[in-house]
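Take a look at the structure set out below.
Derivation of every value follows stated rules applied to the coordinates shown; laboratory data play no part. Quick caveat, the model's predicted, so the values are computed rather than measured. Ideal geometry is used to build each Cβ from the backbone, glycine not excepted, and the neighbour counts take in all protein chains shown.
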Amino acid sequence: MRGNKEIQATMLSLVTTDQLVPGDHPIRQIKPIVDNALRELSPTFSRMYSGTGRPSIPPEHLLKACLLMALYSVRSERQFCERLQYDLLFKWFLDLNITDPAFDASTFSKNKERLLEHEVARKFLVVVLGEARRRKLLSEDHFTVDGTLLEAWASLKSFRPKDGDGMPGSGERNPDVNFHGEKSTNDTHQSTTDPQARLARKGRGKEARLCFNGHVLMENRHGLVVDVALTQATGTAERDSALDMLKGVSKKRRVTVGADKGYDTQDFVTRCRGMKITPHVARRQTSKVDGRTTRHAGYQVSQRIRKRVEEIFGWVKTVGGGRKLRYKGIERNRLWWEFTAAAYNLMRMSRIALDMPIRGELCPAG
């Protein structure tokens, strides 16, 4: 029987956003962890704001918004605020009522300096890792390091000589530029859009782009992100950042670190051994890693598991919005990079909780 088309909309409804989100939705595994983490950061939030003046948008809403943007591939803060007006799952995650209006997109830019000054993204990532450690999901002995190029929010047309020569003077917004016969290097040229971006290429035969380097330290048990860094794209940035991140690794026992051939250098191998870390790096033809390391079965295990770090980079670029960075400069992009890494860990933890047998240490918090 065909139903009748109802013209009159419902005027009153006794329903909440919590009732509309499915009980088995994966984000229900994430929300309790996020809420507990934000409660731990409450003292930091109190220091961020003055005790007088007009009340601001709660920082908890801003942090949850950053996570939702990464988890649901939202391209910008403005698009998120538009979606928040009608997306009931977003309102539920932010603890808003159905009738609560969305906040203005300018709230993000006005509060970005507060988040940077108090290193909120870094502290949030540390708290999430603390929850993963409480659930016994982290390996304390075996790690992987790797880096990737993240394309900057700047066009190659903005890559101009530092002395000012060759600047277009037509006044056009998108003038034609002929680069043929011109040698452009990071020593002589600089982007006028994002001066901190550097010209880099993925490999031989690949096109050069303005990029930053994103670095990841992954633990090998469940492939969770232990630490991240974002630097300028230089020839040694990956190895230098890897050593900096490895300094924070607890060395109660001998630990191992897997890496690709780019890390098979004398300096990296020697400094790792100096920190009591066994470098399980892929070997070049003239390798700095000898048979004393490669003869052990653990070396082959590290080489097999280290490839899982590419899953992190793939998720960040396809889901997390890292195919092309949306901010300018190292500091703001590092803030995004740390929030996105935390979002990846939350996604992985929710899947682990759903896939593995229910045990006390794996039960969702709250």
* Quick one: Cα convex hull volume of segment 1-151, Å³ per residue? -> 225
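Per residue of the chain, what 222 nm ellipticity follows from adding -39500 (n - 2.57) for every DSSP H run with n ≥ 4, rounded to the nearest 500?
Numbers: 14 runs with 147 residues, N = 366.
After summing the helix terms and dividing by residue count, I get -12000 deg cm²/dmol.
Based on alpha-carbon positions alone, could you give the equivalent ellipsoid semi-axes of segment 24-87 from the gyration tensor, as √(5λ), descending, whole Å?
Values: eigenvalues 110, 61, 16 Å².
Over the Cα atoms of segment 24-87, the ellipsoid semi-axes are 23, 17, 9 Å.
Find the eigenvalues of the gyration tensor of the Cα atoms of segment 186-330, then list the square roots of 5 times those eigenvalues as equivalent ellipsoid semi-axes, largest first, in whole angstrom.
Numbers: eigenvalues 167, 61, 43 Å².
Semi-axes from the Cα gyration tensor: 29, 17, 15 Å.
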* **Given charges at beta-carbon only (K, R positive; D, E negative), |dipole| of the chain in Debye** => 1280
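Tell me whether the chain comes out rounded, prolate or oblate; compute the Cα gyration tensor, take square roots of the eigenvalues as a ≥ b ≥ c, and use a/c under 1.5 as the rounded threshold. Please report the intermediate quantities before stating the final value.
Values: a/c = 1.99, a/b = 1.21, b/c = 1.64.
Cα axes put the chain in the oblate bin.
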* Structure fact -> Expected max-MSF residue from Leu96, Leu20, Leu210 in the GNM of the chain (alpha carbon, under 10 Å) is Leu20
* Structure fact -> Which residues qualify? For Gln190, with a placed amide H closer than 5 Å and at least 5 residues away or on another chain, they are Arg160, Lys162
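Quick one: of Lys252/Lys317; Lys157/Lys307; Lys251/Lys288; Lys123/Lys162; Lys162/Lys288; Lys123/Lys328, which pairs are farther than 30 Å apart, Cα to Cα?
Details: Lys252/Lys317 35 Å; Lys157/Lys307 35 Å; Lys251/Lys288 23 Å; Lys123/Lys162 37 Å; Lys162/Lys288 39 Å; Lys123/Lys328 22 Å.
Violating the 30 Å Cα-Cα cut-off are Lys252/Lys317; Lys157/Lys307; Lys123/Lys162; Lys162/Lys288.
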* Using θ = phi - 60° and the Karplus relation 6.51 cos²θ - 1.76 cosθ + 1.60, list the HN-Hα couplings for segment 132-139 in order, rounded to whole Hz, with x at every Gly or Pro. => 5, 5, 4, 7, 6, 9, 9, 8
* Structure fact -> In a Gaussian network model of the chain with springs linking alpha carbons closer than 10 Å, the residue among Thr286, Thr278, Thr44 that fluctuates most is Thr286
* Structure fact -> Per the charge dipole of the chain (beta-carbon charges, Lys/Arg positive, Asp/Glu negative, Cα centre), the residue among Cys272, Leu63, Pro32 reaching farthest to the positive end is Cys272
* **Within a Gaussian network of the chain (alpha carbon springs, distance under 10 Å), most fluctuating of Arg122, Arg351, Arg47** => Arg47
* Scan the chain and hand back the longest stretch that contains none of the chymotrypsin sites (Phe, Trp or Tyr not before Pro) lying in DSSP loops with at most 12 other Cβ atoms within 10 Å. => 180-366
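Over segment 233-335, what relative contact order in percent results from Cα pairs under 8 Å that are six or more residues apart? Please list the in-between numbers first.
Working: 82 pairs, mean separation 20.5, N = 103.
After rounding, I find 20 percent.
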